[in-house]
Amino acid sequence: MEQKNLKETVLRISGVNPRKCMKCGKCSGTCPSYDEMEFHPHQFVYMVENGEIEPLMASKSIYRCLTCFACVERCPRQVEPAKLIEAVRLTVIRQQGQNHLKPDAIPALLDEDMPQQALVTAMRKYAK
Amino acid sequence: MVFSYYPGCTLRTKAKELDRKARLAAKELGIELCEVPEWQCCGGCYPVAKDEIATKLSAVRTLMAAKEADRPVVTVCSACHNVLKRVNDDMKNDPVISDRANRYLQNEVPYQGEAEVLHFLEMLRDKVGFDRIAEKVTKPLTGRKIAAYYGCLLLRPGKVMAFDDPENPTIIEDFIRALGAEAVVYPYRNECCGAYLALEDRDSVKKKSSAVLNGAKAGGADSVITACPLCLYNLQKCGGEIPVLYFTELLFEALGLE
């Protein structure tokens, strides 16, 4: 997809308007996965606005967001960065062969106490 | 009082105690929980994307069953509660999602978010009352210092969940006090435990979960309670030494049930 289309796709899937951002950085400040991310929540906001979607799609950061909604709740401008990250992740995994988690890999990841909730959530987040 | 009851996948399997003790405690409090017939898994997490419709339908079916039975639907699992409440909000307030979901389901009468979704704790607070629960306590948990772990799913997004103040919640602390114990308020009680990263990165979960339990320990807690099977798993496996229990286990104990 061309860059312009990618940006439109992400904006459409997320329903987010990144232009509302006033760059306070609170989203990244409150993110529990901040120090495990190459691109942080505030960077998702301005990179999507700039149309720089491909680097985001190629980054493992999209699998670090837990959709805990801390950034959404605490954003003073209601920008909702987590929805942008979700949209970038979906733009990747909706492509053929791009599932991040494959069913065959799951048995090796389990222990006897692992709740079903973890599996269904991970499959929904990581695979199509 | 009669409510529809949605257990969810994990309460039927790895979290049987969460389910069993919730049912027995409810019975003791004079509440009848009628299981939603032929319920399906909610999917574990709310599909955030605007264009996800099919992934919301199992939640819509549960909500329609509650509407049909004309009573609120109660959940115990934080994740099910989060999914059902947010999908219900979409059906009520997002005309595009609501219209498309109703077309998928070929509903003659469209479902428009009429059902009421309650977490078990909300049911205790708003329909029973913590004061009445305190009266029913036969074995008060006197001297115990208990920390409530909310995590993310019960509280956020605050406007949709309308569960409690998302930054300074008190509902579980009030519940703990009603059972006669002391409630410990500590940092990270409403931050994420690491959730499904448990599958691929234990170190990451360890960082998040140990921050929670270290906070509870520093506050002097002797145990931590949660409503979420995945939070319980992460805190127990990766958090630290403090015992982590379901909130229904405390209620069961304080009501003197065996």
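The values are calculated or read from the model by the stated rules, or taken from the named source; none is laboratory data. A quick note: this is a predicted structure, and the numbers were derived from the prediction, not measured. Using ideal geometry, Cβ is built from the backbone for each residue, glycine included, and neighbour counts are taken over all protein chains shown.
Observations on the model:
This table checks each residue for (1) buried (at least 24 other Cβ atoms within 10 Å of the Cβ); (2) in contact with a Cys (Cβ under 7 Å, 6 or more places away or on another chain); (3) among the aliphatic types (A, V, I, L, M); (4) under 15 Å from B:Val160 (Cβ atoms).
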| site | (1), (2), (3), (4) |
| --- | --- |
| B:His81 | yes, no, no, yes |
| B:Val87 | yes, no, yes, yes |
| B:Asp94 | no, no, no, yes |
| B:Ser98 | no, no, no, yes |
| B:Asn107 | no, no, no, no |
| B:Glu114 | no, no, no, no |
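- Condition check for A:Tyr34: touching a His at 6+ places or on another chain (Cβ under 9 Å) and within 10 Å of chain B (Cβ to nearest Cβ): no
- Unmet criterion (only one of (1) farther than 22 Å from B:Lys208 by Cα; (2) in a loop (DSSP other than H, G, I, E, B); (3) in contact with a Phe, Trp or Tyr (Cβ under 8 Å, 6 or more places away or on another chain); (4) not acidic (Asp, Glu)) for A:Pro55: (2)
Residue-by-condition table, conditions (1) within 13 Å of chain B (Cβ to nearest Cβ); (2) free of Cβ contacts under 8 Å to residues at least 60 places away in the same chain:
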{"position": "A:Ile53", "(1), (2)": "no, yes"}
{"position": "A:Phe69", "(1), (2)": "yes, yes"}
{"position": "A:Cys75", "(1), (2)": "yes, yes"}
{"position": "A:Val88", "(1), (2)": "yes, no"}
{"position": "A:Thr91", "(1), (2)": "yes, no"}
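- Search result, residues across region B:124-154 that are in a loop (DSSP other than H, G, I, E, B) and of a type outside the set (Gly, Ala, Ser): B:Val137, B:Thr138, B:Lys139, B:Pro140, B:Leu141, B:Thr142, B:Arg144, B:Tyr149, B:Tyr150, B:Cys152, B:Leu153, B:Leu154
- Breaking point among (1) within 10 Å of chain A (Cβ to nearest Cβ); (2) under 23 Å from A:Arg64 (Cα atoms); (3) modelled with pLDDT of 95 or more, for B:Glu200: (3)
- All of B:Lys159, B:Lys206 fail the test of being of a type in the set (Lys, Arg) and within 20 Å of A:Cys27 (Cα to Cα), apart from B:Lys159.
- Selection count where residues are farther than 22 Å from B:Leu250 by Cα and buried (at least 24 other Cβ atoms within 10 Å of the Cβ), scope region B:209-227: 0
- Residue pairs whose Cβ atoms lie under 6 Å apart, sitting 6 or more positions apart in sequence or on different chains, and linking a residue in region A:6-35 that is in a helix (DSSP H, G or I) to a partner that is among the acidic types (Asp, Glu), are A:Ile13/B:Asp51; A:Pro18/A:Glu49.
- Which listed residue, of B:Ser58, B:Ser4, is out of contact with any strand residue (DSSP E or B) (no Cβ under 9 Å at 6 or more places or on another chain), closer than 24 Å to B:Arg156 by Cα and either part of a helix (DSSP H, G or I) or away from chain A (no Cβ under 11 Å) (or both): B:Ser58
- Flag for A:Ala70 being more than 13 Å from the chain's Cα centre (by Cα), under 20 Å from B:Pro47 (Cβ atoms) and buried (at least 23 other Cβ atoms within 10 Å of the Cβ): yes
- Residue tally, condition at pLDDT 95 or above, more than 9 Å from every other protein chain (Cβ to nearest Cβ) and surrounded by fewer than 24 Cβ atoms within 10 Å (Cβ to Cβ), over region B:228-243: 2
- Against the conditions (1) under 23 Å from A:Glu8 (Cβ atoms); (2) modelled with pLDDT of 95 or more; (3) touching a helix residue (DSSP H, G or I) at 6+ places or on another chain (Cβ under 6 Å), A:Lys128 satisfies every one except (2).
Every residue, every condition in (1) among the polar types (S, T, N, Q); (2) more than 23 Å from B:Ile171 (Cα to Cα); (3) in contact (Cβ under 8 Å) with a residue 40 or more places away in the chain, yes or no:
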site	(1), (2), (3)
B:Lys67	no, yes, yes
B:Val76	no, no, yes
B:Ala79	no, no, yes
B:Arg103	no, yes, no
B:Val128	no, no, yes
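- Qualifying residue in region B:99-112 (condition: aromatic (Phe, Trp, Tyr), within 19 Å of B:Glu249 (Cα to Cα) and more than 14 Å from chain A (Cβ to nearest Cβ)): no
- Of all residues in region B:18-55, those satisfying the criterion of being in a helix (DSSP H, G or I), out of contact with any Ser or Thr (no Cβ under 7 Å at 6 or more places or on another chain) and farther than 26 Å from A:Arg124 by Cα are B:Arg20, B:Arg23, B:Leu24, B:Ala26, B:Lys27, B:Glu28.
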